[in-house]
Amino acid sequence: MKQSILYTLPLIGAVAARPNVWSFGKVKREVPQEHAHRNVNLEITKLLDLNNPDEIQDPIFGLLGAAAGIEGAGKIADADCLQQATADQAFTNAKEAGDVNGMTFAMIFRALERNTGSVGLASVPCESIQAVNPEIAALEQHQDPAGEGAQELNKQITTKLAEQIAAIGGDVSLANEASTFAPGEIGDPTGAGNTCDDAEDDLGCINSQNLRVDDLSAAEIAAIEGGQGAGAANATLAAAGNNATAVAGGKAKGKAGKAKAKGKANKDKAAQGNAAAADANQAAAGNADAAMGAAANQAVGKGKGAANQAGAAAADAKANAGAQANAGAAADANANAGAAGAATGAAATGGAATAAAGAADFGSCTDPSIVFGPTSDGRKEDAFEPADLTNFNHGSANGIGIISSFICDQLTNKCKASADAVTQCDAADAAVKASGLTGQAAADSFNSALGL
């Protein structure tokens, strides 16, 4: 989720810390389910007790509708941002304490579904406050699964959550703790759907009553743990004229061929994931080898663009749509260059390197490179992290794909890099994921592809 830069709002006056959180006064209650994930709420309560400068009365208020939530918002003026603000402070406290599990649960809390007034009604996004921690800023809340497109959006949210958990070295399987209920029936006069709400169930009634519908499969979790993204676990890339098929490791097999690119690549962000493939060929001046064919396909699986912004498409985007987007971009990038049938490890390394023809305009961020080795966040084993932790503030990760994707996103969101630099980065990101390289070789490949 890409948030815009926002401005500070006037703060309301401070309130007495932690009054009776169950006394919502005369405010009309909305659909009750705020205690469904009580196990998560309890973790956030402990973290908020460490430092609570905004005097948020209890995490539960962030899961209520705006009318009820504002009663416990403390200094947070916008009740629709209370959930994010609570998660952000909890994450900060956990990070300062070196508590990876706490950081994980802070992100889970940010992704929980908020109460709404009827089945299928979407909750309002936070638009007035920018999260301090990029891990929190990358997330949004689940929506009622009965709403149009909500189940696809929720899967996408949990995928992003899992990637963020992997990046900090947390337990990726916990991402499904943010999953919500089965869809209810639109028009249900009770407004309850398939929910539960038990303030005494410390396990969370959604868990103890087996009401949680997990967004991610075990295979998708495993793929994210490997740094390839959830879509890599089972996505079959079937673009027209393309025989390459993606498999769990992010590798590809198929008939080798030559990739061509003619015309100017489409810089429209609505087709960014697919434009990355065409731009990779363009940047290589038509010298894209079989390994870059795999990179082109992998870029399709990245699932960027308008579908992400609208919340209408999951990360495992099918390459059929990718082929159409490439055609619309006049990219004629003929992805007959399926990789593994022709590429060796050396060719894969060269494939990533040929994605670039020298360093591009990275805007205000001069060093988007990745390093591999001992990490700044104290991970026990060597791992990947950005070289520039000021502009690319992200925890380390075992898989390079987590870091490379984040860097490319930051080039757009923060660095204001040129369109050519962004597409060059996307191509490098896709290439290194497709190459199967690990360790220092993977870092060198990505950096070389950026001309660094």
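The values are calculated or read from the model by the stated rules, or taken from the named source; none is laboratory data. Only a predicted model underlies this, so the values are computations on that prediction, with no experimental measurement involved. Because the Cβ atoms are built from the backbone with ideal geometry, glycine has one as well, and the counts that use them run over all protein chains shown.
Among the residues examined, L50 qualifies as touching a helix residue (DSSP H, G or I) at 6+ places or on another chain (Cβ under 6 Å), at pLDDT 90 or above and aliphatic (A, V, I, L, M).
When D49 is tested against (1) over 19 Å from A150 (Cα atoms); (2) in contact (Cβ under 8 Å) with a residue 12 or more places away in the chain, just one condition goes unmet, and that condition is (2). When the range 41-64 is limited to residues that are β-branched (V, I, T) and buried (at least 24 other Cβ atoms within 10 Å of the Cβ), the one that is nearest to E177 (Cα to Cα) turns out to be I44. Summed over the range 160-188, residues that are surrounded by fewer than 20 Cβ atoms within 10 Å (Cβ to Cβ) and in a loop (DSSP other than H, G, I, E, B) total 7.
Flag not set for A67, criterion: under 14 Å from D49 (Cα atoms), surrounded by fewer than 20 Cβ atoms within 10 Å (Cβ to Cβ) and not charged (D, E, K, R).
Being farther than 15 Å from N447 by Cα and either touching a Pro at 6+ places or on another chain (Cβ under 8 Å) or not small (G, A, S) (or both) is the filter here, so list the residues in the range 362-382 that pass it. Passing the criteria: P374, T375, D377, R379, K380, E381, D382.
Name every residue in the range 417-430 that is touching a Lys or Arg at 6+ places or on another chain (Cβ under 8 Å) and either buried (at least 24 other Cβ atoms within 10 Å of the Cβ) or closer than 17 Å to D367 by Cβ (or both), in order of residue number. Across the range 417-430, the qualifying residues are T423, D426, D429, A430. Every listed requirement among (1) modelled with pLDDT under 95; (2) part of a helix (DSSP H, G or I); (3) of a type in the set (D, E, K, R) is met by E34 save one, (2). Within the range 387-416, being surrounded by fewer than 23 Cβ atoms within 10 Å (Cβ to Cβ) and among the aliphatic types (A, V, I, L, M) holds for A387, L389. Out of curiosity, is T116 hydroxyl-bearing (S, T, Y), over 20 Å from P53 (Cβ atoms), in contact with a Ser or Thr (Cβ under 8 Å, 6 or more places away or on another chain) and touching a residue at least 60 places away in the same chain (Cβ under 8 Å)? Yes. So is T92 modelled with pLDDT of 95 or more, surrounded by 21 or more Cβ atoms within 10 Å (Cβ to Cβ) and of a type in the set (S, T, Y) or not? When the stated conditions are applied, T92 does not pass them. Taken over the range 127-156, the criterion of being closer than 23 Å to N413 by Cα, surrounded by 21 or more Cβ atoms within 10 Å (Cβ to Cβ), without any contact (Cβ under 8 Å) to a residue 60 or more places away in the chain and hydrophobic (A, V, I, L, M, F, W, C) is satisfied by I136 alone. Scanning the range 189-202 for any residue that is more than 25 Å from N101 (Cα to Cα), touching a residue at least 40 places away in the same chain (Cβ under 8 Å), among the hydroxyl-bearing types (S, T, Y) and not in a helix (DSSP H, G or I) turns up at least one such residue.
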